[in-house]
Structure formats: structure tokens, C-alpha cells
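Since the structure comes first, as C-alpha cells, the remarks are kept for the end.
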Amino acid sequence: MTKKVVLITGANKGIGYEVARQLADNGFIVLLGARDPERGEAAAKKLRTGSSDVHFVPLNTIDEQSIQSAAEMVTKKWEKVDVLVNNAGIFPEYSLGIRPSLLEVSMLKDTFETNVFGSFGVIHYFLPLLKKAVVGQIVNVSSTLGSLGSMTNPDSMYSETNTSAYNASKSALNALTVALAKDLLPEQIRINSICPGWVQTDLGTDAAPRTVEQGATIIVKLAMMEHPPTGKFLDDDGEIPW
Ligand SMILES: NC(=O)c1ccc[n+]([C@@H]2O[C@H](COP(=O)([O-])OP(=O)(O)OC[C@H]3O[C@@H](n4cnc5c(N)ncnc54)[C@H](OP(=O)(O)O)[C@@H]3O)[C@@H](O)[C@H]2O)c1
């Protein structure tokens, strides 16, 4: 199969949906992952215009059985995945304005469940499909809020958002990116963390300065590269401190 296949998790709305739209426009076979069948199918249908090749893949990233079933479906129908965009994520403490010292353990666990364990689970079950691509690539959608360098830099606008569960989950996701990049280098699998910036979505809220088009830019740029880098933490301006 000459066309590139991309799987995007949590792609029924927000940044993931916009990445799906742009990559479909650029000739990718887009596998639009979503946990809710109605929302997922509706989003895929909306993107199926002209020659775009978009398919809904049921995928709840915190349900191992769901990830396994999705990997089986993709193996049968498309045989490979060139790019995995690990986009599904949650930030429940933000809208609730919860201070780190008042965070409930359950919210820390839930945030890690999606942002860390879910992302790792999708990598685990889709690795055999990524290995079938000429150059398999994973884009972990992280956040500069998970950058220890930015959190501790008083001049960084990100140091002001002193949330704990989300920040720690994205730091953990970044640590997985680094470890997997080193491990998978000999197997031609590239993996990077990215930050889309502060983006107007349900998660980012209307107060955010960036549009979803802008948020999707760095992800689409990496997905389109023939020789993507590996083991980097990137945004539109270049490398972010870990
Ligand atoms: N917006 C920002 O300012 C910003 C900044 C930095 C990083 N990010 C990151 O960008 C990514 C996308 O966020 P967004 O801003 O586009 O948020 P969003 O509009 O709230 O979209 C989040 C997506 O993730 C999905 N999702 C959540 N849990 C899931 C699960 N267990 N299985 C499958 N899908 C799941 C949601 O599905 P449902 O519709 O079913 O809930 C939704 O499709 C996240 O990883 C976020 O941390 C965002």
C-alpha cells in the first residue's frame, strides 16, 4: 500500500479532529479513533468529502480490550500504520480550578490513566503495525505544562498554570517518549513529544489564544516528514526543554 496510514486517538473533536482533517486533505488514509461510536462515526462522515479516505476506529484508550480490538481491525483492513498520533487526553482539574495541595488521589489516577497508561497502551498494541511501515512514527501529544524546565522557569508563561495531575502526567508521557526513542531507534520507529500551544478546544477553553488549525500544525508537519527526528520535545518554535 503506497498511501500513508495515520491513526489518531481522540479524534472526534478538538486538535485530533483537525489533524485528521488536514492529513486527509494531504492524501493520508485517516483512521479516526474515538471512544464513542456515534461521535466517532459522525466525525469521520463529516471528513469523508471528495477523495478523502477517513474511517472511524472504535478506540477507548483506557480499555485494553478496546485497544486490542482496534489493532486487530487495523491489521485486517490496512495491515500497517505509518503514523500514530497519541492525542486523547484529559485535564479535569483545570476547569475545576483544583490547587495541587487539594487534589484528590482519584483525579491524579484518572489523569494518569488516560494521559500516560492509555497512551502507552496504544503504543504497545500498535507497535507491530508501526513496524510494518517503512518508517513508523509516533507523535505523543504532550504539553509544555509537563516540561520541568518550563514549570521551574518563572519567565515561562507555562509556570503560571500550577496544576499538578496534568503536568505530572505529561512529564511521565515525556519520559516514556525518551525511553522508547532510544529503544526503538534500531527498528526505524521515530517517537517525539509535542506541544500544540494553548488551543481553543473544550480542554483548552475559549480563553486560549490559538486556533485548532495552529494547534495541529506541529503534528501535521511531523506526520508529513519522510525523515522525522526522534526523541525530541517540539512545538512550532523548535525544541522545548524537557
Ligand atoms: N487545548 C490545549 O490548549 C492543549 C494544550 C496542550 C496539550 N493539549 C493536548 O492535546 C490533546 C487533545 O486535546 P484537545 O485540546 O483537543 O481536547 P478536547 O477537545 O477535549 O479533545 C480531547 C479528545 O480526547 C478524547 N478522549 C479523552 N479520553 C479518551 C479515551 N479514554 N479514549 C479515547 N478518546 C479519549 C475525547 O473524546 P470524547 O469526546 O469522547 O470526550 C476527545 O476526542 C490532549 O492530549 C491535550 O492534553 C491540549
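The values are calculated or read from the model by the stated rules, or taken from the named source; none is laboratory data. Treat the numbers as computed from the prediction; the structure is a model and nothing was measured. Positions of Cβ are backbone-derived with ideal geometry, glycine not excepted, and every protein chain shown enters the neighbour counts. Quick note on the areas: whole protein, heavy atoms, side chains included, nothing else; ligands and nucleic acids left out. Shrake-Rupley method; radii C 1.70, N 1.55, O 1.52, S 1.80 Å.
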Segment 190-200 - phi-based ³J(HN,Hα) in whole Hz, Karplus 6.51/-1.76/1.60, Gly and Pro as x: 9, 9, 9, 9, 9, 10, x, x, 8, 10, 6
query: If we sort 109-117, 207-215, 16-24 on the protection proxy, mean other Cβ atoms within 10 Å, highest first, what's the order?
result: 16-24, 109-117, 207-215
message: Counting only protein heavy atoms and a 1.4 Å probe, tell me what percentage of segment 5-239's accessible area is made up of carbon and sulfur.
response: 53
statement: Straight-line reach check, Lys13, cutoff 25 Å on alpha carbons, 8 or more apart in-chain or any other chain, hits among lysines -> Lys3, Lys4, Lys45, Lys46, Lys77, Lys80, Lys109, Lys170, Lys221
message: If every alpha-carbon in the chain counts as one equal scatterer, what log10 I(q)/I(0) does Debye give at q = 0.11 1/Å?
response: -0.52
task: Can you tell me the dipole magnitude for the chain around its Cα centre, using point charges on the Cβ only (Lys, Arg +1; Asp, Glu -1), in Debye to the nearest 20?
output: 660
- prompt: Per residue, how much accessible area does segment 5-239 have with a 1.4 Å probe, in Å²?
  reply: 46
task: Rank-order 221-230, 92-101 by packing density, defined as the average count of other C-beta atoms within 10 Å over each peptide's residues, highest first.
output: 221-230, 92-101
- prompt: If you stretched the chain out fully between Glu113 and Arg39, how much longer would it get, using 0.36 nm times the residue separation minus the C-alpha to C-alpha distance?
  reply: 24.5 nm
message: Quick query: amide H of Ile240 versus all other amide H atoms, modeled in the peptide plane; which residues come in under 5 Å with a sequence gap of 5 or more or a different chain?
response: Phe233, Leu234, Asp235
